[in-house]
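**Student:** Below is the structure I would like to discuss, written out as structure tokens.
The values are calculated or read from the model by the stated rules, or taken from the named source; none is laboratory data. Here the structure is a predicted model, which means the values were calculated and not measured. Note that we place each Cβ from the backbone using ideal geometry, even for glycine, and neighbour counts take in every protein chain shown.
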Amino acid sequence: MNQERLYQVIVAPHVSEKATLVAEANNQYVFKVSPDATKREIKMAVEKLFEVTVTKVNTVNIKGKTKRTARGFGKRNDIRKAYVTLAEGQEIELGGE
């Protein structure tokens, strides 16, 4: 996988209360990923970008909510998240800490 594709696969870290609890309890990190990314691409991207060993990748597709606006109905964007499990004793520094 080329360097350009690595940065297209991982869009951003997903920071939420649930993501923080999962990171502390299960050594998992949550990332927003591109809709066409495969589990193998996500694993390779995380291993190369953060220099860690990935043991498991779970993905989830979240449909955007339909909202009513003054001009009718609108829809928020769909997102895809990846729950990445790291090997024992490894962690990712996501900044701000």
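**Student:** Could you check Arg80 against (1) free of Cβ contacts under 8 Å to residues at least 40 places away in the same chain; (2) buried (at least 17 other Cβ atoms within 10 Å of the Cβ); (3) basic (Lys, Arg) and say which number it fails?
**Tutor:** (1)
**Student:** Got a number for residues in segment 23-50 being within 17 Å of Glu93 (Cα to Cα), β-branched (Val, Ile, Thr) and either in a helix (DSSP H, G or I) or in contact with a Cys (Cβ under 9 Å, 6 or more places away or on another chain) (or both)?
**Tutor:** 1
**Student:** Given (1) of a type in the set (A, V, I, L, M, F, W, C); (2) out of contact with any helix residue (DSSP H, G or I) (no Cβ under 6 Å at 6 or more places or on another chain); (3) closer than 14 Å to Lys81 by Cβ, where does Val30 come up short, assuming only one miss?
**Tutor:** With respect to (1) of a type in the set (A, V, I, L, M, F, W, C); (2) out of contact with any helix residue (DSSP H, G or I) (no Cβ under 6 Å at 6 or more places or on another chain); (3) closer than 14 Å to Lys81 by Cβ, Val30 is out only on (2).
**Student:** Could you list, in sequence order, all residues of segment 53-70 that are of a type in the set (A, V, I, L, M, F, W, C) and touching a residue at least 12 places away in the same chain (Cβ under 8 Å)?
**Tutor:** If the condition is that a residue be of a type in the set (A, V, I, L, M, F, W, C) and touching a residue at least 12 places away in the same chain (Cβ under 8 Å), then Val54, Val57, Val60, Ile62 are the ones that fit.
**Student:** Separate question: Name the single residue that is surrounded by the most Cβ atoms within 10 Å (Cβ to Cβ) among those in segment 56-77 being in a strand (DSSP E or B) and touching an Asp or Glu at 6+ places or on another chain (Cβ under 9 Å).
**Tutor:** Result: Ile62.
**Student:** Conditions first: (1) closer than 15 Å to Ala12 by Cβ; (2) modelled with pLDDT under 95. Val30 passes all but one, so which condition is the exception?
**Tutor:** The failed condition is (2).
**Student:** Please count how many residues of segment 36-92 are closer than 16 Å to Arg5 by Cα and touching a Phe, Trp or Tyr at 6+ places or on another chain (Cβ under 7 Å).
**Tutor:** 0
**Student:** With the requirement that a residue be surrounded by fewer than 14 Cβ atoms within 10 Å (Cβ to Cβ) and not acidic (Asp, Glu), what does segment 20-33 give you? Show your work before the answer.
**Tutor:** Taking segment 20-33 and keeping what is surrounded by fewer than 14 Cβ atoms within 10 Å (Cβ to Cβ), we get 20-21, 24-26.
Listed by number, the residues that qualify are Thr20, Leu21, Ala25, Asn26.
**Student:** In addition: Among the candidates Phe50, Phe73, Phe31, which residue alone is at negative phi and without any contact (Cβ under 8 Å) to a residue 12 or more places away in the chain?
**Tutor:** Phe73
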